[in-house]
Amino acid sequence: MACSYSLRPLRSIPDLIPACIKILKDEWPQCKAELLPKLVKQELTTAPCSYGLVEHPDDARDKASLVGHVRFIPVINRERALYAESLCVDRAQRGRGLGGKAIALREELLAEMGYAELHLCTSLHRKDYYLSRSYSICDEAPHTLGANLLHTYRALGTVSWHGNVLYPGWESEYEGGAIATQKEVADGDTGVWFVKKLSG
């Protein structure tokens, strides 16, 4: 059966939010995906905003299903820039190239919306993959508003990284611990930071 895929804001597909919570919990059992219904009610603009990777079977009799997730966060020290976090694909659907589809769709979506840069952080073993997709390594983490609300950084026992501002009104939902220093971020202790230029 042939399928097509789209990235849709979770607020536009509320019936698929439970599936999204399950996908996130399967990937990161300690994450706070149960906050999604409350978060989505407040998401009226592009970022912060959770998106679902939706599979649309070509057979109209079959219902669309959620197979992945990504969340976009504002970068506050760069113009027209977003940070992407919590990208994951349903474990039962892996091996079908859906991760690559999600990455391509998020870049297309943000370019269409007029964003110039997409930032992300990932583990060292994914470095070559992102370099092959025209990402560049950043010298420093972007300054963000509300990153890691669903999935906080476990490295160094930290809540987040230098430059992240906790999401206003949600501070109590972040886990305890000191925010990583600028040096710890620069030394790569929190992962590898990438940026991709999306448009002029």
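The values are calculated or read from the model by the stated rules, or taken from the named source; none is laboratory data. Just so it is clear, the model here is predicted, and its values are computed rather than measured. Backbone-built Cβ (ideal geometry, glycine too); neighbour counts: all protein chains shown. Remember, those area values only see protein heavy atoms, side chains included, never the ligands or the DNA or RNA. Shrake-Rupley method; radii C 1.70, N 1.55, O 1.52, S 1.80 Å.
A few points about this structure:
- Test: residue in region 95-114 that is outside any loop (DSSP other than H, G, I, E, B), in contact with a helix residue (DSSP H, G or I) (Cβ under 6 Å, 6 or more places away or on another chain) and over 15 Å from CYS49 (Cα atoms): no
- Selected residue [within 28 Å of ARG133 (Cα to Cα), in contact with a His (Cβ under 7 Å, 6 or more places away or on another chain), open to solvent by 40 Å² or more (accessible area, probe 1.4 Å) and not in a helix (DSSP H, G or I)] from SER50, SER86, SER4: SER4
- Restricting attention to region 36-47 and to residues that are hydrophobic (A, V, I, L, M, F, W, C) and part of a helix (DSSP H, G or I), the residue that is surrounded by the most Cβ atoms within 10 Å (Cβ to Cβ) turns out to be LEU39.
- Options ALA116, ALA81; residue that is of a type outside the set (Val, Ile, Thr), under 16 Å from the mean Cα position of the chain (by Cα) and surrounded by 15 or more Cβ atoms within 10 Å (Cβ to Cβ): ALA81
- Some residue of region 53-66 being open to solvent by less than 10 Å² (accessible area, probe 1.4 Å), of a type outside the set (Phe, Trp, Tyr), in a helix (DSSP H, G or I) and touching a strand residue (DSSP E or B) at 6+ places or on another chain (Cβ under 6 Å): no
- Considering region 170-200, the residues that are charged (D, E, K, R) and not in a loop (DSSP other than H, G, I, E, B) include one that is modelled with the lowest pLDDT, namely GLU184.
- The set of residues from region 121-138 being within 13 Å of LYS197 (Cα to Cα) and not in a helix (DSSP H, G or I) comprises ARG133, SER134, TYR135, SER136, ILE137, CYS138.
- Annotation note: Cβ proximity below 6 Å between a residue of region 100-120 that is free of Cβ contacts under 8 Å to residues at least 24 places away in the same chain and more than 9 Å from LYS196 (Cβ to Cβ) and a residue that is small (Gly, Ala, Ser) and open to solvent by 30 Å² or more (accessible area, probe 1.4 Å) (sequence gap 6+ or interchain) occurs for no pair.
- Region 11-35, subset open to solvent by less than 50 Å² (accessible area, probe 1.4 Å) and assigned to a loop (DSSP other than H, G, I, E, B), residue farthest from GLU85 (Cα to Cα): ILE13
- For region 123-141, the condition of being surrounded by 13 or more Cβ atoms within 10 Å (Cβ to Cβ), under 20 Å from ALA33 (Cβ atoms) and either touching a strand residue (DSSP E or B) at 6+ places or on another chain (Cβ under 6 Å) or not small (Gly, Ala, Ser) (or both) holds for none of the residues.
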